[in-house]
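Here's the structure, in structure tokens; my notes come after.
The values are calculated or read from the model by the stated rules, or taken from the named source; none is laboratory data. All values derive from a computational prediction rather than experimental measurement. No Cβ is skipped: glycine too gets one built from the backbone with ideal geometry, and neighbour counts run over all protein chains shown.
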Amino acid sequence: MNNLLARYAESIFWMARYMERAENLARILDVHETFSRDDHGFKNWHTIVKLNGDDQRFFERYDIASAENVLRFYVLDAQNPTSIVFAVRAARENARTLRPWISTEMWAQINVLYNKVQALEVKDIALPNLTHLCNEIKEACQTHSGITEGTFYRDEGWYFYRLGKFIERADQTTRLLDIGYFTITGSTPTTRPSQDFIHWHALLRSVAGYHAFRRVYPRGMAPTAIAGFILYNESFPRSVALCAREINGVLTRLKSRYKLRGGSAAMERIDEILAALSSRTIERVIEDGLHEYLDWLQLRLSDVTSELSHSFFGLASSEETQQQGA
Amino acid sequence: MTATEPRPNDLLHRYDQAGFYDELFGGREQSAPHAALIRERLAALAFDDIHRRSEDAARELYNLGITFLVYSEQEAIDRILPFDVIPRVISAREWTHLEAGIVQRVTALNLFLRDIYHERKIIRDGVIPEDLVIGNANYRPQMIGLKVPFDTYIHILGVDLVRDGAGVFRVLEDNGRVPSGVSYVVENRHMMQRVFPDLMQGLGIRPIDNYGQKLLQAVSEIAPSGISEPRVVLLSPGSYNSAYFEHIFLAREMGVPLVEGRDLVVQDDRVYMKTTNGLAVVDSIYRRIGDDFLDPRAFNEDSLLGVPGIMEAYRKGNVALANAVGTGVADDKAVYCYVPRMIKYYLGEEALIPNVETYICREAEGLAYTLDHLAELVVKPVGEAGGYGITLGPLASKDELADCRAKLLADPSNYISQPMVPLSVCPTLTESGVEPRHVDLRPFAVTGRQTWVLPGGLTRVAMRKNTFIVNSSQGGGSKDTWVLEDTSP
């Protein structure tokens, strides 16, 4: 049996994650109109920074949270690990390592995207150009997914690709929900329901879920229903539940098809997530604190990644320790 | 004949080969009838058309990442090797001769390596001085007495050839350690097929796509005996090596994993690679890491690129390496001068492809000649690589010549000298039209059980006017090299 080089598995996993991350960053910034409003409905770019938990890193580098600075931080700042430029560059570095493994078309497309993103200037993130730019990046990431689906050889590597993609997507969905939900509901109940409607609409659009949501809930726009849809819907491709189920399926197949010995711990972690998702209603979750629940999900997803690293990617370090011990 | 009268917009209309031998037009003595059709097709292209297609090709090379890394102060930058769209053409007759000459050369070099790591007959018989071989920095005592499969040491040889004013191909240098450049040969061909299918149609150009398969075959043949389907890997220094693209290219063509030192581990004198499912044994390694960095236990102990213990696994016969360890002594500049004598000694034949005329300054006659003709000669130190310490007599100042003379007299053994070869030219696209530019040729020979030579090789071209320097680090580019099929009955 021709097993995959551990380092390739790791690079495939992270290439997928970073491409998924770039797409989600573009999605978040594209709906800035909604998410940059503070509790009182004023435009406040600091909100995005705050809700991403990036306060410290942001203010180390910028004085004020102006539109330009915040966009610069999340789009152009190569030092910021949560910027689009950083994600694309990291994806490309992994793809570069993987060039013997991935299709030429996958590499060429990531490389073209990288060259484009590298060439971005401040004028490209000016507010009138922002939607255009975000769309371009989103589409490039989707093109990547399409090329990958159509050209990536379906061996072990494919499963690590899907692991990376769905773990990142689940994580990003929890973040997007977190940002959106609290921006809109805020700390005090809003007095402008019509304004809220626009915001909920934008949140659903940012996850490409508005029409799907409408099919399930033809009437109304209840926050609970929306949060429940984004977290639990079994058919919505960006829901945490669907992503968790995909991750579980991939791990099972890695074991059955490729006889991989590792991975049990990662499966246990994902089982915990699945159990948590099925054991509590959304009403209960919101009552107990949505933010805390989303935090918990993020930590468990991060545990899954650690277990994967340990079982499949971390062979280098464990072997060396063994060697020294022997 | 008015019909062949050049039209004013004829691409080659004002072309002047400036007295040099020309790869498309031939020389004073011989024309190049084999290239007639290609000249005709080229002439029919409009400058704007060929220029646009050339720019398309450059963009595509960049987008495909067919690049090498250049390090600036700040960061590593991907550069494409400038690609010139006008091909260099070699006739079937010329190639038959070159191919035989390369096979002869690699055969002699392998016999030499076997000899110097075993009986040392060539030294005892006084054909080559002992200190040049045993005292050579690239001589590896770890190889003494070690038997390698088929007595092949140099599995991949790149021979740098130049063509002089009379159109005679000569060997300038052998590359028997980790020669690079073959990926550009294949990628240049693919590019030409995409951009200039009309130029190539029906010409009978010998294919080169099977290089990876030939290489895999050779590297598999040398695997430890008894293994029917050896696991082969390509060992690279990593993605920051300037030739990383080539490593990717070859790993893909061979269908083998591209590994780095950190992916391999030696246990009980066997080499393993780290997979998602534990350790998997490795039988044969095409390594693109020099001897020095291969194994910190055996060689440079500071190397982080290599695999500790791999040399012992190799010595035990548990893993094959291509090229073998210790080949650097055969492609050394000082040893180079002796290759024609080597060929005679081992094979009883004259070298089919002569060396560039070389004066060995450790020999009294050579030193005397060199000192008498200093202003006409190129003087090279033997221990240096990459063009360091070279004095170009025809271009040197009086002071530089005096300095060179003093160095020669102080340490003659460290120098060789050669006449300045007027490198052949080939029509090359420039901003202002088609102009002659100097070229060389690096064919590649692959040897496992037997030797196979890739038809053609890498044609490097000095993109700047009036320079002989074809190195990529100094603005050199490359061309597709067409070896024509033999169409004679």
Exercise. Select, from B:Ala166, B:Ala137, the only residue that is modelled with pLDDT under 95 and over 26 Å from B:Ile205 (Cα atoms).
Key: B:Ala137
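I need the strands (runs of 3 or more DSSP E) fully contained in segment B:243-292, keeping only those with at least 1 residues that are at the interface with chain A (Cβ under 7 Å from one of its Cβ atoms) and of a type outside the set (Gly, Ala, Ser). Talk me through it step by step, then tell me what you get.
On the way: elements: B:264-267, B:270-275, B:278-281, B:284-287.
By residue number, B:264-267, B:270-275.
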Practice problem: State the number of residues belonging to segment B:25-42 that are basic (Lys, Arg) and free of Cβ contacts under 8 Å to residues at least 60 places away in the same chain. | Solution: 2
Quiz prompt | Which listed residue, of A:Ala26, A:Ala67, A:Ala16, A:Ala9, is away from every other protein chain (no Cβ under 14 Å) and modelled with pLDDT of 95 or more | solution = A:Ala16
Practice problem: State whether one or more residues within segment B:355-362 are within 30 Å of B:Pro179 (Cα to Cα), in contact with an Asp or Glu (Cβ under 7 Å, 6 or more places away or on another chain) and β-branched (Val, Ile, Thr). | Solution: no
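For every residue, the table says whether it meets (1) surrounded by 24 or more Cβ atoms within 10 Å (Cβ to Cβ); (2) away from chain B (no Cβ under 14 Å).
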residue	(1), (2)
A:Ala140	no, no
A:Glu156	yes, no
A:Ile167	yes, yes
A:Ala170	yes, yes
A:Arg175	no, yes
A:Asp178	no, yes
A:Thr185	no, yes
Quiz prompt | Options B:Asn210, B:Asn241; residue that is in contact with a helix residue (DSSP H, G or I) (Cβ under 8 Å, 6 or more places away or on another chain) and surrounded by fewer than 20 Cβ atoms within 10 Å (Cβ to Cβ) | solution = B:Asn241
Exercise. Name every residue in segment B:11-38 that is of a type in the set (S, T, N, Q) and in contact with a Leu (Cβ under 9 Å, 6 or more places away or on another chain), in order of residue number.
Key: B:Gln17
Quiz item: Only one of A:Arg99, A:Arg92 is more than 24 Å from A:Ala244 (Cα to Cα), of a type in the set (Lys, Arg) and touching a Lys or Arg at 6+ places or on another chain (Cβ under 8 Å); which?
Solution: A:Arg99
